[in-house]
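Novice: Let me begin by handing over the structure; questions about it come next.
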């Protein structure tokens, strides 16, 4: 899409999105902000010797539910990251080891060992679901939110193979009574819909929610969960993978050893945060604000805006939360990733595309192609199921591949220095003539450069143009309005901020304006951001006729 800019106002953003239903129910309708103990500050971890303990769960192989492919990798990565920050009392349960009875016992043992001021990290990667409430009147919608465990069986009477929101609430209340903090990370979803529809020609991604019907068992509720009102949980931090109306897919990322693997975006980002890049002021401690910003920006970038994590509580963001690892700077990824592609159409088209792109692609057979080219309909489809380009000619195929390579390289650069980005009014499909806005916040450097890569890999330069100021007011969010025009597909904005002028980058991008030069643009961008004080922002916009 060649953007037609409507306006360039500097605006404050509207109110935050609604809270995730599961988290809201765990904490009650009167959930207060997290009040971490005052001692939990930069010196707290070393001076008072408070301990962090952890229960890490990942389930791919279910007995009676559809399999997942990245949950155990999530758990292994989180375990490794927690150990790098000094966590010693850690229990990891994968697949068949993650049963209801075992996890309940694990939690009780961790809590029994915890001292006042300690923290327990509970991470779960696997299926979520909803069931008719067990305690009548306890849920606004009449449904319990459930984590499904290895021994789950829809035909077995509850609570077999399930952890209910009411039970987790009870766990966390008992932790609060012992003055123990809880960080609960749930890389799952309980319901929701797709932010954008999935094209049937794309690879079949797995999603972390499971629907089922159960017989009408007549069971008495657990007495101590039925009694009393839901209490406020001031000791709990919630990190949920998505908003209550979104599904949580698994993406092709990397495992703990940086080998390609399907993963949950939230678990991957959380693990990277503990390695250090989320520590904005380099004080070796992550505040709630630093962690929330890092998770939100990177999950949205990985998920191409198909999911936005729900990070609670709101407020008290200056509170210290976790230490970070004392790791050196990570090596930059110097090679260009090669996508796995699939070509639909007549055999001549398939052969022609394969011959012209063989130096750019991974030819290993796969049922999970990163890009599917439909040469008869002249379209390209992403692994997530978005139609990313329309009206393609043969020569556009290489440009689409190079754009994919450019974005993948940029995704793994400066992920500790991300601009917060958003599409207004929503992340869904936008049609011709609609007015949309790109929203940038967390702007910490004054010099600002903005360009976009269209679906067919064409670069368009947007800022600064002649007459524009080279610097912007970073104290306010930036909202740039555009009108949707052809060509359609996936357009990606790339924003760079800097503490000093980006003269060379601007000159290079102006020369590339209007050309299919995504890789060259990415190379110039990488050269500009790898030194000094820089920020990088990535945001996709998906359009159709």
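The values are calculated or read from the model by the stated rules, or taken from the named source; none is laboratory data. In this text, all values refer to a predicted model and were calculated from it rather than measured experimentally. Cβ: placed from backbone, ideal geometry, glycine included. Neighbour counts: every protein chain shown.
Novice: State all residues of the stretch 280-304 that are more than 19 Å from residue 443 (Cβ to Cβ) and assigned to a loop (DSSP other than H, G, I, E, B); if no residue qualifies, say none.
Specialist: Matches in the stretch 280-304: 282, 283, 284, 303, 304.
Novice: Given the residues 361, 401, which is the only one that is touching a strand residue (DSSP E or B) at 6+ places or on another chain (Cβ under 9 Å), closer than 22 Å to residue 262 by Cα, outside any helix (DSSP H, G or I) and touching a residue at least 40 places away in the same chain (Cβ under 8 Å)?
Specialist: Details: 401 fails: outside any helix (DSSP H, G or I).
Residue meeting the stated conditions: 361.
Novice: Spot the failing condition for residue 116; the list is (1) surrounded by fewer than 18 Cβ atoms within 10 Å (Cβ to Cβ); (2) touching a strand residue (DSSP E or B) at 6+ places or on another chain (Cβ under 6 Å), and only one is missed.
Specialist: Residue 116 satisfies all of (1) surrounded by fewer than 18 Cβ atoms within 10 Å (Cβ to Cβ); (2) touching a strand residue (DSSP E or B) at 6+ places or on another chain (Cβ under 6 Å) except (2).
Novice: Here are some residues: 510, 526, 505. Which one is out of contact with any helix residue (DSSP H, G or I) (no Cβ under 8 Å at 6 or more places or on another chain) and assigned to a helix (DSSP H, G or I)? It would help to see each step written out before you state the result.
Specialist: Values: 526 fails: out of contact with any helix residue (DSSP H, G or I) (no Cβ under 8 Å at 6 or more places or on another chain); 505 fails: out of contact with any helix residue (DSSP H, G or I) (no Cβ under 8 Å at 6 or more places or on another chain).
On inspection, the qualifying residue turns out to be 510.
Novice: Can you tell me which of (1) modelled with pLDDT under 80; (2) more than 16 Å from residue 400 (Cα to Cα); (3) surrounded by fewer than 14 Cβ atoms within 10 Å (Cβ to Cβ) is the one residue 333 doesn't meet?
Specialist: (3)
Novice: Given the conditions (1) surrounded by 19 or more Cβ atoms within 10 Å (Cβ to Cβ); (2) within 30 Å of residue 394 (Cα to Cα); (3) under 24 Å from the mean Cα position of the chain (by Cα), which single one is not true for residue 456?
Specialist: (3)
Novice: Quick one: is residue 141 assigned to a loop (DSSP other than H, G, I, E, B), modelled with pLDDT under 85 and either touching a helix residue (DSSP H, G or I) at 6+ places or on another chain (Cβ under 8 Å) or surrounded by fewer than 19 Cβ atoms within 10 Å (Cβ to Cβ) (or both)?
Specialist: Values: assigned to a loop (DSSP other than H, G, I, E, B): yes; modelled with pLDDT under 85: yes; either touching a helix residue (DSSP H, G or I) at 6+ places or on another chain (Cβ under 8 Å) or surrounded by fewer than 19 Cβ atoms within 10 Å (Cβ to Cβ) (or both): yes.
So residue 141 fits the description; yes.
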